[in-house]
2 protein chains.
Amino acid sequence: MPKLLQVDFPFSGPFGAEMTKALADLAESITKEPGFIWKIWTENAAEKEAGGIYLFENEATAKAYLEMHSARLKELGVAEVRSRIYDVNADLSKVTNAKDLTNF
Amino acid sequence: MPKLLQVDFPFSGPFGAEMTKALADLAESITKEPGFIWKIWTENAAEKEAGGIYLFENEATAKAYLEMHSARLKELGVAEVRSRIYDVNADLSKVTNAKDLTNF
């Protein structure tokens, strides 16, 4: 069953177009992680926060990615990573316009 | 600019198919909220948590929905609602397979 991984953390930048430039290679590499389906990149320059909403094929791959990513963030100076792993209620999500969660 | 609203909270159920039945009318009503684009419904029966990832047309509509929804959850006995409002980095999200955030 696909699992949604929600991650957010304090982040001092770069944001916006600068973030895109700085993290394009990282983004490309994330698509090759085991079980990875998609990631929405989130950022809030005013609050100095960033994160991501991910879909993974199952709980094991979501957990393995979270562990690897948290260690990587720690090396980049991000000490506090908040995370949640959820099931998706696909039927209710379809009602609310998220028609095809595994391919959008 | 579209805003992503991330909401999660302690929830005692129902989960899964029972949640779908119980909240189908609520889901339908959410699609009519001002500025609403989509919602992914999240749930974790083991941790007794639930939430949602929403996209709204702008910050004002995301904030107005959050205020209304938090009050509604409080009436249902949910005291602690965690929330974040983010910009989406659309370019990086496209690299990671989230091709069309405003229509999926």
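Look at B:Ala17 and say whether it is on the phi < 0 side of the Ramachandran plot and surrounded by fewer than 20 Cβ atoms within 10 Å (Cβ to Cβ). Talk me through it step by step, then tell me what you get.
On the way: on the phi < 0 side of the Ramachandran plot: yes; surrounded by fewer than 20 Cβ atoms within 10 Å (Cβ to Cβ): yes.
Considered against the rule, which asks whether it is on the phi < 0 side of the Ramachandran plot and surrounded by fewer than 20 Cβ atoms within 10 Å (Cβ to Cβ), B:Ala17 comes out as yes.
Taking the criterion of being within 14 Å of the chain's Cα centre (by Cα) and within 12 Å of chain A (Cβ to nearest Cβ), would at least one residue in the stretch B:93-101 satisfy it? No, the stretch B:93-101 has no match at all.
Residues of the stretch B:57-69 include at least one that is within 21 Å of B:Ser12 (Cβ to Cβ) and either in contact (Cβ under 8 Å) with a residue 12 or more places away in the chain or surrounded by fewer than 17 Cβ atoms within 10 Å (Cβ to Cβ) (or both).
From the list B:Tyr54, B:Tyr86, which one is at the interface with chain A (Cβ under 9 Å from one of its Cβ atoms), surrounded by 20 or more Cβ atoms within 10 Å (Cβ to Cβ), touching a residue at least 60 places away in the same chain (Cβ under 8 Å) and in a strand (DSSP E or B)? Lay out the reasoning, then the answer.
Values: B:Tyr54 fails: touching a residue at least 60 places away in the same chain (Cβ under 8 Å).
Exactly one residue qualifies, and that residue is B:Tyr86.
The residue list B:Glu43, B:Glu80, B:Glu33, B:Glu67 contains one member that is assigned to a strand (DSSP E or B) and over 19 Å from A:Glu49 (Cα atoms), which is B:Glu43.
Restricting to the stretch B:59-89, what's the tally of residues that are closer than 22 Å to B:Leu101 by Cβ and out of contact with any strand residue (DSSP E or B) (no Cβ under 6 Å at 6 or more places or on another chain)?
Quick first cut of the stretch B:59-89, residues closer than 22 Å to B:Leu101 by Cβ only: B:59-66, B:69, B:83-89.
When the remaining residues are screened for being out of contact with any strand residue (DSSP E or B) (no Cβ under 6 Å at 6 or more places or on another chain), the result is B:60-61, B:63-65, B:69.
Summing the residues that are closer than 22 Å to B:Leu101 by Cβ and out of contact with any strand residue (DSSP E or B) (no Cβ under 6 Å at 6 or more places or on another chain) in the stretch B:59-89 gives 6.
Among the residues that make up the stretch B:71-83, is at least one of them within 13 Å of chain A (Cβ to nearest Cβ) and β-branched (Val, Ile, Thr)? No, the conditions are met nowhere in the stretch B:71-83.
Each reported figure results from applying straightforward, stated rules to the coordinates on display, with no laboratory input. Predicted, not measured: the structure shown is a model, and the values here were computed from it. With ideal geometry, Cβ positions are generated from the backbone for all residues, glycine too; neighbour counts draw on all protein chains shown.
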